[in-house]
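Participant: Here it is, the structure in full.
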Amino acid sequence: MPYLFFAVEITMYFCRLCNDMNLTIDVGNTLYKFAIFNGNILVEKQRCEKQDVIQHIKQLFVSYPKITHCILSSVGSLTSQAITLLEELTSVHVLSHLSKIPYTNTYKTPETLGPDRIALVAAAAMKFPKKDVLVIDGGSAITYDFLSADNQYIGGSIAPGIAMRYKSLHSFTAKLPLLEKTATIAMIGNSTEAAIHSGVIQGVTFEIDGVIHQYKDQYTDLTIILTGGDAHFLRDRLKNDIFANSNFLLEGLNYILELNKD
């Protein structure tokens, strides 16, 4: 085991020294998520809270001085000071509906399509060419995005995520407690807390399985990707065969960055 750790450290060291690198930044609802890529290889993932972002960016470029390009997703929540700092340190691309992408976007309102969804479909296009792909992102919201085998993004759907469902039960009722997801779920809740867990988690899993079933009725050879913060929590509760990939969004951002380099 120590030898494996040493080998990984050596690999990362030479990556930092020898190659130009990409930085992807995904600005989420609560955290800023950073990923460093050497080509298509994910070297490291980091995250920080909003108040720490300036110092975190500075430290990233000390640790990885070979970063030459950066892509920003959900830039609206990033401070102008942070954006200015990045522009001083590297070449920055802001992901939008005007960015070059590896698929045809047939969404009727492309300007309203979230950059996270744009990036997820880019990863699907690059990793599963000529396949019908359904990407399910289990995060603050649960999003479903469909890429057809002829490389057209058709659209999808958006639903409340697990944490949002717990919060809504607490916020819109007088007495229901605010809970967090738990691994043990009873089909029949024999207490108020158990009933909430049963309703939220079973509701989410039945919903996802139902959506997948609808897609499979129309697209028989369907590839299903599950990603997002709740991906691994949900994976073993779903009845369908899926690929769980927590790095899918980061990989999509890196693909788009490569396409948009000058």
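The values are calculated or read from the model by the stated rules, or taken from the named source; none is laboratory data. Quick caveat: nothing in here was measured; it's all calculated off a predicted structure. Glycine gets a Cβ as well: all are built from the backbone with ideal geometry, and neighbour counts include every protein chain shown.
Residue-by-condition table, conditions (1) modelled with pLDDT of 95 or more; (2) within 24 Å of the chain's Cα centre (by Cα); (3) surrounded by 13 or more Cβ atoms within 10 Å (Cβ to Cβ):
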position	(1), (2), (3)
ASP150	yes, yes, no
ILE154	yes, yes, yes
ALA159	yes, yes, yes
ARG165	yes, yes, yes
LEU178	yes, no, no
ALA183	no, yes, no
GLY189	no, no, yes
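Participant: Please tell me if GLU88 is out of contact with any strand residue (DSSP E or B) (no Cβ under 8 Å at 6 or more places or on another chain) and free of Cβ contacts under 8 Å to residues at least 60 places away in the same chain.
Facilitator: Details: out of contact with any strand residue (DSSP E or B) (no Cβ under 8 Å at 6 or more places or on another chain): yes; free of Cβ contacts under 8 Å to residues at least 60 places away in the same chain: yes.
Yes.
Participant: Please give the number of the condition LYS131 fails out of (1) touching a strand residue (DSSP E or B) at 6+ places or on another chain (Cβ under 7 Å); (2) basic (Lys, Arg); (3) under 18 Å from LEU23 (Cα atoms).
Facilitator: With (1) touching a strand residue (DSSP E or B) at 6+ places or on another chain (Cβ under 7 Å); (2) basic (Lys, Arg); (3) under 18 Å from LEU23 (Cα atoms) applied to LYS131, the lone miss is (3).
Participant: Can you tell me which residues in the range 55-67 are loosely packed, with under 14 Cβ neighbours inside 10 Å and in contact (Cβ under 8 Å) with a residue 12 or more places away in the chain? Talk me through it step by step, then tell me what you get.
Facilitator: The initial filter retains those residues of the range 55-67 that are loosely packed, with under 14 Cβ neighbours inside 10 Å, namely 55, 58-59, 62-63, 65.
LYS58, SER63, PRO65 - these are the residues of the range 55-67 that are loosely packed, with under 14 Cβ neighbours inside 10 Å and in contact (Cβ under 8 Å) with a residue 12 or more places away in the chain.
Participant: Assess whether LEU238 counts as being within 23 Å of LYS131 (Cβ to Cβ), not polar (S, T, N, Q) and not in a loop (DSSP other than H, G, I, E, B).
Facilitator: Values: within 23 Å of LYS131 (Cβ to Cβ): yes; not polar (S, T, N, Q): yes; not in a loop (DSSP other than H, G, I, E, B): no.
Answer is no for this residue.
Participant: Which residues, counting only those in the range 221-262, are free of Cβ contacts under 8 Å to residues at least 24 places away in the same chain, of a type in the set (A, V, I, L, M, F, W, C) and within 26 Å of TYR166 (Cβ to Cβ)?
Facilitator: ALA244
Participant: Answer with yes or no whether PRO65 is part of a loop (DSSP other than H, G, I, E, B), modelled with pLDDT of 90 or more and farther than 23 Å from PHE146 by Cα. Give the derivation first.
Facilitator: Details: part of a loop (DSSP other than H, G, I, E, B): yes; modelled with pLDDT of 90 or more: yes; farther than 23 Å from PHE146 by Cα: yes.
Judged against the criteria, PRO65 is a match.
Participant: If you don't mind, there's one more thing I want to ask. So which residues in the range 79-109 are polar (S, T, N, Q) and within 29 Å of GLN152 (Cα to Cα)? It would help to see each step written out before you state the result.
Facilitator: Taking the range 79-109 as the starting set, the residues that turn out to be polar (S, T, N, Q) are 79-81, 84, 90-91, 96, 99, 104-106, 109.
Of everything in the range 79-109, those that are polar (S, T, N, Q) and within 29 Å of GLN152 (Cα to Cα) turn out to be SER96, SER99, THR104, ASN105, THR106, THR109.
Okay, residues lined up against (1) modelled with pLDDT of 95 or more; (2) of a type in the set (D, E, K, R); (3) touching a Leu at 6+ places or on another chain (Cβ under 6 Å):
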residue	(1), (2), (3)
THR223	yes, no, no
GLY229	no, no, no
ALA244	no, no, yes
LEU259	yes, no, no
ASP262	no, yes, no
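Participant: Could you tell me which residue of the range 1-52 is surrounded by the most Cβ atoms within 10 Å (Cβ to Cβ), considering only residues that are under 30 Å from GLY114 (Cβ atoms) and at pLDDT below 75?
Facilitator: Taking the range 1-52 and keeping what is under 30 Å from GLY114 (Cβ atoms), we get 20-52.
Applying the additional criterion that residues be at pLDDT below 75 yields 29-30.
Working: ASN29: 12, THR30: 10.
Taking the candidates together, the pick is ASN29.
Participant: Let me ask something else. Scanning for something surrounded by 15 or more Cβ atoms within 10 Å (Cβ to Cβ), more than 27 Å from SER73 (Cα to Cα) and not assigned by TED's automatic domain parsing to the domain that holds ASN40, does the range 218-230 turn up at least one residue? Give the derivation first.
Facilitator: Start the filter on the range 218-230 by keeping residues that are surrounded by 15 or more Cβ atoms within 10 Å (Cβ to Cβ), which leaves 219, 222-230.
After this cut, where a residue has to be more than 27 Å from SER73 (Cα to Cα) as well, the list is 219, 222.
Still in the list and also not assigned by TED's automatic domain parsing to the domain that holds ASN40: 219, 222.
Yes, some residue in the range 218-230 is surrounded by 15 or more Cβ atoms within 10 Å (Cβ to Cβ), more than 27 Å from SER73 (Cα to Cα) and not assigned by TED's automatic domain parsing to the domain that holds ASN40.
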